[in-house]
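Since every read-out is calculated from the coordinates, none of them should be taken as a lab result. Bear in mind the structure is a predicted one, so any value in this text is a computation, not a measurement. Reconstructed Cβ throughout: ideal geometry from the backbone, glycine too, with neighbour counts over all protein chains shown.
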Amino acid sequence: MTHLYTKMSIDIQGTFVSQKINKVRWIPEDYAETKCFLTGSWDDEVNLITVWTFESVNEDEEVEYPRALTKYPVDDDVTQIKFTEKNKIAVSISNGDVKILEISAYDKQTPLKEIFSWKSLHNYGNTKCSATSLDTYEGDIASIGEDGNVNILSGRRGEVNRTIKGADSCSLHSICYLKHTEVITGNIRGHIKIWDLRSEVDKPAASFLLAGDELAATCIINHPTQPHIVLAGSESGSVAIWDLRMNTFPTSLLSAHTGGVTEMQFHPENPQKLLTCAVSGELWDWNMETITKSTKGPDNQLVWMPLQDKNTMMINSLMPSFHQALNSLDCEKGRILCGADNEAVYLIKNLKY
Amino acid sequence: MNITTFSNNNVRGDDSSPIIRAKTFNIPEKCFNKGVGCAWRSGNKFSIYPRSQTVSKTPKNDVENKILNIRHEIVLFHPILRKLVNESNGTYLSLQKLVDSSKNNDNHVELLKLSRQYRSIIRVCIENLQEALNDAKDGSDMINLQSYITIFYSVECIWHLCEILYIDKIPGDIVLPYLLEWVRFHFPCHEQTAAQLLEACERGSEDHDDYWDTVIGMVVQGRVDVARALLKLNSLSETNEFKLVDNSLRSMPVYSIYGGISTGEFTVTWKHWQAECRAKVTSRVLASQPKLELIMRLIIGEYSAFESIRSTYTSWFDMLGGYVMFTAPWSRTHELSAAASACAGMGSMPSGSRLDRTLRALLEGDMHQVIHEIQHITDNGWFATHLSDILYHCGKLKVLDKHQNNVTQRLRDSLILEYGTLIMEHKSLWSVGLSYLASCPPEGLCRAHLLLERIPINTHAKAMRVVAEANKYGLLEVGEGVWRVLSGRHSAAGRDGAALSAAVRGGAAGRAGRCAGAALRHYCRTGCLPAPDLLLTAGPALLIDDTLLFLGKYCEFHRMYKNKEFRKAAQLLISLITSKIAPDFFWETLLLDALPLLESDEAMFTADDTYDMMLCLELRAQNFNREKAELLRLALLRNLARTALAEKPEESTQ
């Protein structure tokens, strides 16, 4: 695969924060440029969800550095952070808890306020078990855990709407809402299942394998404008693309990163652009145009072509030679935030989109 | 806890002076009175426990028995210093990569860049510590931060000199300008006063208390221009004495490698200039101005002049630059030791501090002593490790042992191994430590293997990360171990699916077989198969163990049966029976599964199949419940009766 290190004026700025960062999220602003962001740490004695703001040290200096505004300690690793509403986040924690926290709309320094908390939502009976991830959809939350259960929670009323017990006999590691009534999950063996939440029985509507290598599906997302296009990242570093209308075999299975894919995101402003980061310390910017543009289907719909020649993929590497895992990314316009295992947060500016 | 120190007979190397290395801790707890046991835990932790436990019938007394976990305080695990650990790890790894990729090339420019990077990391760290100190409120915190700052100041100072002397390639090896820069940077005495005076630019500045100290300080730092500018501010600057000194300072020849003259030529000019200055001093024209005379004596390199001002400085390094400048400005790197010992010998104060000894050793080129000294800095070996590594790669570290063997690489490796092991102890920093260990094969990898196996694993995410890191360095057995343990944990808790998937991941055939056996037993008891989703989708993974393969196929049989594909199901069943891979306890279930198929309206099994089943039944009759065996025999016979007849005509026609 070609890596074009184009000489764009990409600007990388790292800040060491003394904790391995598992998740980073920009805090959206309505009428101003986003300045604040959240991080969730993992694998430390005390893990924290921290609210940061970018600030210049001296007034005349242009470079801005993150400064911690408030810290919220959690009992174990933060495994996922997603917004349910503009100023509310759903957090899954590796002790099995799922929480909804509120960020003050007026003063970001105010400590995060717990709105709802589901203690040991995921568990092995009396023993703890990790809540591995969650996804949100219009205030609803779907959480998964190593117990193989899927919980559908109402973020407004704080209730557990439904539990799919034993949705998987192995641990689940990734989840994504396809629509309000449908979620897709991936387990530690790369087994992908689609669940119709309207169905009474706890049986998947469809199931298929990510790849033959029995490695975990570490993240799943769908295309923002074509929700039937689903992408899954694997522990092996490959990325699979499905067109759910066609069949259950991936249209393309790209061996991409050299280490497990940790997070994928379509650029919020330009859905032709995909960003991925990996355990191998790579941060890539994919141009997906080559896949979508190629043909139109019989009913004049866009058809995602199977990639024959992977060399046609346009991929830019945004992070030069990085030796530790990149765990998370969040993109907002031309700026990408990245959280890494070398206990640092990176801000990449001037991304073209 | 009371702490007392005593000396023990630890003898260091060749000299036999005992060094105090032991501390005694008095533990007040009663339970330790009768004798104490001690056991090492992972890393630098150990536990002590009462050797003779007071076992009593009343449970109340149990409270007295305590186990104390004791660990060494690691300063590098302080949040601010963790940044240093992580950031320097990046530089360290780039250095290893650079050295690997350019084995034979001259890469001193890159190495110099990396050395500067290390220094800037230390500077950032000092800055962070300073900030934290300004915000600190707690007394003990402040003391700690202050001591960290002191440590890293001296670390940076030593590193900088080391960089000048050993890492940088100085043109012509004329070290003076670099040395002066170093002195100015680390011992900026009088600089502020000089700046203030020059900014004010008032005549008669000699009224300032520090005026003369500043002028002399500037001369000693080799900043002749500044000294001259300051002299101009003196109200007497128009007098002959001042003009004379100014003239002498102005006419001082300065050597530059690119100046187009040879060192020999320069030496002649310089000696000539100094002789002129000396003549002025001896003519006593400056007798009325003792301070000006002192300046002149300094610039002719008079030892007693330097000695007379030694007391105004806290250390001898302040004067080193000036001393070299006015005695032998053409000095090369290896010629500095004479100047160093001259400066260090000034005054009556013995140079006792660690920084003193280290810098002396550095200027004398005694790298063994340098490393020895910096190992005693209480930064948990961060400095010794990184400095010796970069010096080693520059080819500047040569250390010989008692028998004149070259032990440089062993020294470097042992420092890195120690540091890596220490860092790996930390819950979050383990991957950093691992990267150090991995850069020192083969011993580092062996250590990494042992330590990785002992990392507590609570979640699958952590397991995957540990295994990925281990695989990165080729430690595939670690992954197998991790998944095997997880599999064991899951199967003990009765989570068959998770146990199976972990076992298959770890490639643990035996473990997978046992899990499959457990699943089959579970089926015999409850009549439902665990983890069908896993078994139906597991492809080649099933092949690692017979029992697992059997379980997978048996699961498929159930699926076919449920989907009413009876003929296919029957075929699969017969192949399962004839392959004889079913565990003994399962035979009864397996053969009884044939019962409904035998009794179906349409014959599902051929006569041959029936014979096979009969054989299996009779061979294992002792495992069977008598009643069930009878039932089976009957069904088999009836099936044989109809199939034998149905198949007969075909056979006869052949």
Paired Rg and Dmax values of segment B:456-548, which use every Cα atom, in angstrom = 13.4, 45
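For segment A:172-291, what is Rg from Cα atoms divided by 2.2 N^0.38 Å, rounded to two decimals? Walk me through the numbers on the way to the answer.
Details: Rg = 13.7 Å, N = 120, 2.2 N^0.38 = 13.6 Å.
Dividing the Cα Rg of segment A:172-291 by 2.2 N^0.38 Å gives 1.01.
Within 10 Å of each Cβ in peptide A:118-131, how many partner chain Cβ atoms are there on average? Round it to a whole number, please. The partial results should precede the final answer.
Values: counts 0, 0, 0, 0, 0, 0, 5, 3, 1, 2, 2, 6, 5, 1.
For peptide A:118-131, the averaged partner shielding equals 2.
Please give the average number of partner chain Cβ atoms lying within 10 Å of the Cβ of each residue in B:530-543, rounded to a whole number.
Values: counts 2, 5, 1, 13, 7, 1, 2, 8, 4, 4, 3, 4, 0, 0.
The per-residue average across the peptide is 4.
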Placing each pseudo-label 7 Å from Cα in the direction of the beta carbon, B:GLU618 and A:ALA105 end up separated by a distance in nanometres of 8.5 nm
Dipole magnitude of segment B:564-654 about its Cα centre (Cβ charges: Lys, Arg +1; Asp, Glu -1), debye to nearest 20 | 140 debye
For the modelled label position 7 Å from the Cα of A:SER117 along Cα-to-Cβ, which residues of segment A:69-87 have backbone nitrogen atoms closer than 14 Å?
-> A:72-76
Per-residue HN-Hα couplings for segment A:116-127 [Karplus 6.51, -1.76, 1.60; θ = phi - 60°; Hz; x = Gly/Pro] | 9, 9, 9, 6, 6, 4, 9, 7, 9, x, 8, 8
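Based on the inverse mean of 1/r over its pairs of different Cα atoms, what is the Kirkwood hydrodynamic radius of segment A:17-61, in Å?
Numbers: mean 1/r = 0.0830 Å⁻¹.
For segment A:17-61, inverting the mean 1/r across all distinct Cα pairs yields 12.1 Å.
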Once amide hydrogens are built 1.01 Å from N within the peptide plane, the residues lying 5 or more places from A:TYR124 or on another chain with amide H under 5 Å from its amide H are A:CYS129
If you average the sequence gap of Cα pairs under 8 Å that are 6 or more apart and divide by the length of chain B, what percent do you get for the contact order?
-> 7 percent
Taking amide hydrogens as modeled 1.01 Å from N in the peptide plane, which residues meet the under 5 Å criterion relative to A:THR218, leaving out close sequence neighbours?
-> A:GLY233, A:SER234, A:GLU235
For the protein assembly as shown, with +1 on Lys and Arg beta carbons and -1 on Asp and Glu, the positive-most of B:LEU591, A:TYR177, A:THR218 along the dipole | B:LEU591
Förster radius 60 Å - calculated FRET efficiency between B:SER251 and B:GLN409, Cβ distance, rounded to 0.05 = 0.70
What FRET efficiency comes out for the pair B:ARG525/B:GLU602, r = Cβ-Cβ distance, R0 = 30 Å, nearest 0.05?
-> 0.40
Along the dipole axis of the protein assembly as shown (charges at Cβ: +1 for Lys and Arg, -1 for Asp and Glu; origin at the Cα centre), the most positive-end residue among B:LEU486, B:THR610, A:ASN316 is B:THR610
Which whole number gives the average, over all residues in B:493-505, of C-beta atoms from other chains lying within 10 Å of the residue C-beta?
-> 5
Calculate the dipole size of the protein assembly as shown relative to its Cα centre from +1 charges on Lys and Arg beta carbons and -1 charges on Asp and Glu beta carbons; express the result in debye to the nearest 20.
-> 1840 debye
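Dividing the Cα radius of gyration by the Kirkwood radius, what Rg/Rh value follows for the protein assembly as shown?
Ratio value, two decimals: 1.10.
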Normalised by the residues of segment A:113-214, what does the relative contact order come to in percent, with Cα pairs under 8 Å and at least six apart?
-> 17 percent
Report, in order of residue number, the helices in chain B meeting two criteria: a C-alpha extent of 27 Å or more along the helix axis, and a mean Kyte-Doolittle hydropathy of at least -1.0; treat each whole DSSP H run as one helix.
-> B:79-101, B:108-135, B:139-162, B:263-282, B:626-653
Rounding to the nearest 20 debye, state how big the charge dipole of segment B:161-212 is about its Cα centre with +1 on each Lys and Arg Cβ and -1 on each Asp and Glu Cβ.
-> 280 debye
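How big is the shadow of the Cα convex hull of chain A, averaged over all directions, in nm²?
On the way: hull surface 73.1 nm².
Averaged projected hull area, Cα only: 18.3 nm².
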For segment B:564-654, using Cα atoms only, the Rg and Dmax in Å read 13.1, 43
Contour excess over end-to-end distance, with Cα ends at A:TYR65 and A:ASP213 and 0.36 nm allotted per residue = 49.1 nm
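What value, in deg cm²/dmol to 500, does the helix sum -39500 (n - 2.57) over DSSP H runs of n ≥ 4 give at 222 nm once divided by the residues of chain A? Let's see the in-between values first.
On the way: 1 runs with 5 residues, N = 353.
Theoretical 222 nm ellipticity from helices: -500 deg cm²/dmol.
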Theoretical gain in end-to-end length, B:THR282 to B:GLU477 [0.36 nm per residue, Cα-Cα removed] | 62.1 nm
Simple SL model, points at 7 angstrom along Cα→Cβ for B:GLU630 and B:ASN134; separation in nm is 9.6 nm
Once the Cα atoms of chain B are picked out, what are the Rg and Dmax in Å?
-> 41.1, 143
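As a check on your grasp of the helix formula, calculate [θ] at 222 nm for chain B: sum -39500 (n - 2.57) over DSSP H runs of n ≥ 4, divide by the residue count, round to the nearest 500.
On the way: 30 runs with 400 residues, N = 654.
One gets -19500 deg cm²/dmol as the mean residue ellipticity at 222 nm.
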Which listed residue (A:ASN350, A:SER252, B:LEU500) has the Cα farthest towards the positive end of the charge dipole for the protein assembly as shown, taking +1 on Lys and Arg C-beta and -1 on Asp and Glu C-beta about the Cα centre?
-> B:LEU500
Quote the relative contact order of segment B:178-370 in percent (integer), defining contacts as alpha-carbon pairs under 8 Å separated by 6+ residues.
-> 19 percent
Looking only at segment B:618-638, which residues have a backbone nitrogen under 13 Å from a spot 7 Å from the Cα of B:PHE585 in the C-beta direction?
-> none
Rough spin-label spacing in nm, given labels placed 7 Å along Cα→Cβ, for A:MET246 and B:LEU637 | 6.0 nm
Amide proton proximity set for B:THR606, modelled H, under 5 Å, gap of 5+ | none
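So if R0 is 56 Å, what FRET efficiency would B:THR263 and B:THR378 give, r being the distance between their Cβ atoms, rounded to the nearest 0.05?
Values: r = 43 Å, r/R0 = 0.77.
Using R0 = 56 Å, I get an efficiency of 0.80.
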